[in-house]
Amino acid sequence: MVYNTTFHPAVISINGQPDLSLHDQSFPAHAHEGRGGGRGKVAKDMLTLLTAEKEVSAEVYEALSEAADNLGVVSVDCLISHELCLTPHDLSYLIDTRREAETEHRPVIENGEVSSSDFRSNYRKTYEPSDDDIFSLAEGTDNFNDTLEREKIDFYSSGGDEKEDTDKLRVKMGESRKNSQGGFTMIYPSPNGKLYDQVISDLYQAVASNTSAAFSPASYLLTESWRHVTRDLHGLLTSLESFYRPLPSGFPPMLASLDLRQDEDIHEKWLRHREAQKNPCMEDPATAPYLQRIVLLPEVDLKPAFTPLVTSYWAEVEYELITVQVTGVALHCQAEARLEDKFGPSTLVNYTLGLGDNHLTLAVVDIAHSEPWTLNTYTIHLTRRSPPRPRPDVTSRPHHQVCALIQLNYATRTPSPPGRWVVPCGWCLERATCDWTKAVWQPYACTHRPLSRPALQKCLKGKTLVFLGDSTNRGMLYALVEKVNGSLTSWDKTHDLKVIRKVSSGHTNFAFAYYPKFWLPSNQRPVFDKTLYQLLLRASPLQNNSNTVVVVGGVHWLAVQHLHILTSVLHREGLEGAQVVLKTLGAGFHSAAPGVHTVTARDHSRLLEHSRSLSSYARHRGYHVVDTFNMTSARYRHFLQGKCACHFHQVSSERKPEGEIQYHVEGEINDVYTSILANTICQHPLPGR
């Protein structure tokens, strides 16, 4: 880029990465015909953005006066009472940002004569060639720079006849061209600035606290320089953008599409298509990334009301609703809506709703390729309410009942040990009068009192706990880590092998391996003994005593042969003295959903007998047992998010003021059997009562 004597820029070459050359045949033009195809359009729009000279200072002044409070200006009016004093650098940034946002139309070359006296004052109108004009100079020659040097050298000089230069330039640039809209969309600053609060804070903390040499210039700018950074101006920028482009009425700021102004044509096309009802879809390529509707059965009232331009929706459903049927209908004929990802089902399918928050994702994919291309995603946030609590508080009534919920064996109609849920109710025969927030698990033979953190830390000191199983086992692991450590600073939904060392001030280690990997073809799934061996190897060093604890179990996959293999591997590895705890089977898979098997009520009866046989064999081998089957199947509707309907735990996160993320394992049922696991390991059962 070079500047003439009046400091107006001209781009003389574009190079570097990505390659924006005009004659690259490998880059298709797609919907934009003409020179350079898509790359040429990007380069043209970039030129427009860089060379725009739209006057915006008055608009910025008005916005600062109307939308900003308690501002000062350095060296003009800056008081200690001002919340922020803008520097000249800040003012330049605000003006440049507004100019870029307003750069939607390209200037044209005027064919009329321009007098020499008016040349400088009207330079922007008479000499700001459209990008097509600039690029036309590059065609027909192998060297863009040489061409400009020959044709414009006099224009860049300070002498000569400006009128003659302008006439020459007009001949070279050609006829006037039609204004067209630029291709850039401003994402930040935004009237939806609150969307960026957290990421701006995180970036600031991450860079400012990084002590590496590579970050020292950035750290200086953030912590010691007089310059204001994005975090300092973020609130002001959000206020100004809200003044420049107020959000459409009816759309809350957190939901409104940032591009509603630019996409009004899409909205209008959708409305016309919906009213016409002639064709099931549209052929217009511009409609490819959009849905024309979302289908939920039973019908759910989504907020906000559906429009193709809004991609996030919220709704609440009743506790009794544990599944919905969902699909989306694409607006374009060569697109489909698929549940969860680009390979998901495109038809109406069941989706399991756990208690609390559930997130459904519909991917809009282009199906005109051998592998679908994801064009857009829509998210539906469905909150399933908790069981209704009776009002007033049932325990405050002078006469209320404490009721036991007993899960019967379908075959024998006898109670299933080892315990039952007891819950306060207005009347035991009316389930709706029970307060499930006060439910307590009561074993028949003993009481597992929760251990205090100091007692648990003392018990687990020097131990390595090895968990082998599915996501229910993983939930117990993280809950136990949080109990012994007092906090949980690391968490993920690992489906592989993970080792967590030096928990509880460095005194306790944990390890986990996911089994079975049911999503793999049966001939590619790692076998049980190999998975166990790799887990023990990664968790090493291990001791051949109760300082090594092996916890194995899952929802429905565990069989007696797995316990045979477990015994054999421990003997082979010299760990026969390790403490082994079996987590029995649990409730789950009772709701039909794509990608998972479904278990009927009769199947659950067989699973109960299978779980009993596992417990009996484990105790015969001298292993401990945490029996979770009756505990979960008696409250099978209280599962949390997950298509298997088998998760009784979920993980929430909280960001501390210093920027650290802490996680918390939630779920009262998971908490109960994790406490029983801790008691089992530490051998602190109390006598039955």
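The values are calculated or read from the model by the stated rules, or taken from the named source; none is laboratory data. Because the structure is a prediction, the values reported are computed rather than measured. With ideal geometry, Cβ positions are generated from the backbone for all residues, glycine too; neighbour counts draw on all protein chains shown. The area values use the complete protein model at the heavy-atom level, side chains included, leaving out ligands, DNA and RNA. Shrake-Rupley method; radii C 1.70, N 1.55, O 1.52, S 1.80 Å.
Here are the numbers for this structure:
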{"item": "Whole-Hz couplings from phi, Karplus 6.51/-1.76/1.60, listed for the range 332-349; x for Gly and Pro", "result": "9, 6, 9, 10, 9, 9, 10, 6, 6, 7, 5, 9, x, x, 10, 9, 5, 10"}
{"item": "Cα-centred dipole magnitude for the range 600-689, charges only on beta-carbon of K, R (+1) and D, E (-1), debye, nearest 20", "result": "480 debye"}
{"item": "Spin-label model distance (nm) - Thr600 vs Tyr188, 7 Å beyond Cα toward Cβ", "result": "5.6 nm"}
{"item": "Residues whose placed amide H lies under 5 Å from that of Val73, excluding near-sequence neighbours", "result": "Cys78, Leu86"}
{"item": "The range 539-689, accessible area per residue, ligands and nucleic acids excluded (1.4 Å, Å²)", "result": "42 Å²"}
{"item": "Accessible-area value, Trp557, 1.4 Å probe, nucleic acids and ligands omitted, Å²", "result": "50 Å²"}
{"item": "Isotropic mean projected area of the C-alpha convex hull, the range 326-483 (nm²)", "result": "16.9 nm²"}
{"item": "Amide proton proximity set for Thr377, modelled H, under 5 Å, gap of 5+", "result": "Val364"}
{"item": "Sparse-neighbourhood loop sites, chymotrypsin sites (Phe, Trp or Tyr not before Pro) in the range 308-401 - DSSP loop, at most 14 other Cβ within 10 angstrom", "result": "Phe343"}
{"item": "For the range 535-609 and the range 77-106, distance of Cα centres in Å", "result": "63 Å"}
{"item": "Distance (nanometres) between label positions extended 7 Å along Cα→Cβ at Ser92 and Ser212", "result": "3.0 nm"}
{"item": "Of the GluC sites (Glu not before Pro) in the range 290-398, those whose Cβ has at most 13 other Cβ within 10 Å and which sit in DSSP loop", "result": "Glu299, Glu318, Glu320"}
{"item": "Rounded if a/c under 1.5, otherwise prolate or oblate - the range 432-576, Cα gyration tensor axes", "result": "oblate"}
{"item": "In Hz, Karplus ³J(HN,Hα) per residue of the range 651-665 (6.51, -1.76, 1.60; θ = phi - 60°; x = Gly, Pro)", "result": "10, 10, 10, 9, 9, 6, x, 7, x, 6, 8, 10, 9, 9, 7"}
{"item": "Table column - 3J(HN,Hα) (Hz), the range 514-520, Karplus curve with 6.51, -1.76, 1.60, x for Gly and Pro", "result": "7, 7, x, 8, 5, 7, 8"}
{"item": "DSSP-assigned coil residues among trypsin sites (Lys or Arg not before Pro) in the range 458-516, each with at most 12 further Cβ atoms within 10 Å", "result": "Lys493"}
{"item": "Rounded Å value of the spacing that divides the Cα centres of the range 301-354 and the range 435-482", "result": "37 Å"}
